[in-house]
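Only the coordinates and a few stated rules stand behind these numbers; no lab work does. The model shown is predicted, which means the values in this text are computed figures rather than measured ones. No Cβ is skipped: glycine too gets one built from the backbone with ideal geometry, and neighbour counts run over all protein chains shown.
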Amino acid sequence: MHNAPPVAYPLGRSHFQGVALAGLWLTGLLVTAGWWLAAPGFDWRLGISMAAVAAAGLAAWLGWRNAPVGQLHWDGQVWRWESQGYPSGMPVLALSVALDLQRTLLLRLDNHDNATLWLWAHRAGLPERWLDLRRAVYSRRKAWPVALPPDLPTPVAAADLPVETDPPRPYP
């Protein structure tokens, strides 16, 4: 089996995410407005719900506005994330697809610092490389043993590695 071809793909603020967040926030606003119209009078619960809807809208807008922007690189073996915070590239420990809508992907990137980035990839970002990105995201690569550093200079055969097995369970 061959690895997927190398690819660099721009990722940034997602209009799909923005529309979804705005739709959810508007739904919450309409429910609260309906409650306000149906309520006999204004009380503290309605005030708290209005404040919660306003805070949720502000949090959603700030989260969308401050979404990471950068470029995801696949060199055939390793994923790297480049952005303003990581200009030289951050190695990605694990990349997984959380949502696949064919023209939009929600990707989860985990790095060595236990930080998780949620990034949206859109076909419109770079249509001529979209299929290369999808191939790379879904391609299987040889798993690297967790106990060994990824920059190990000598090749290691799987038979050379210790095998961890679960201890036998006693029968109840």
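Note on region 108-130 and region 1-73: Cα centroid distance 19 Å, given to the nearest whole angstrom. Using the Cβ-Cβ distance between LEU99 and ALA22 with R0 set to 22 Å, the FRET efficiency works out to roughly 0.80. Ordering LEU62, GLY41, GLN77 by the projection of their Cα atoms onto the charge dipole of region 1-105, which places +1 on the Cβ of Lys and Arg and -1 on the Cβ of Asp and Glu, puts GLY41 at the extreme positive end.
With a cut-off of at most 12 other beta carbons within 10 Å, and DSSP calling the residue loop, which trypsin sites (Lys or Arg not before Pro) in region 66-123 qualify? Please list them.
On the way: sites: ARG80, ARG103, ARG108, ARG123; in loops: ARG103.
Loop-located and lightly packed - ARG103.
Structural descriptor for region 19-147: relative contact order 12 percent, calculated from alpha carbon pairs under 8 angstrom and at least 6 residues apart. Cβ crowding within 10 Å, taken as a proxy for footprinting-reagent exposure, orders HIS122, HIS112 from fewest neighbours to most as HIS112, HIS122. Under a model in which nothing but the beta-carbon of Lys, Arg (+1) and Asp, Glu (-1) is charged, region 23-139 shows a dipole of about 220 debye around its Cα centre.
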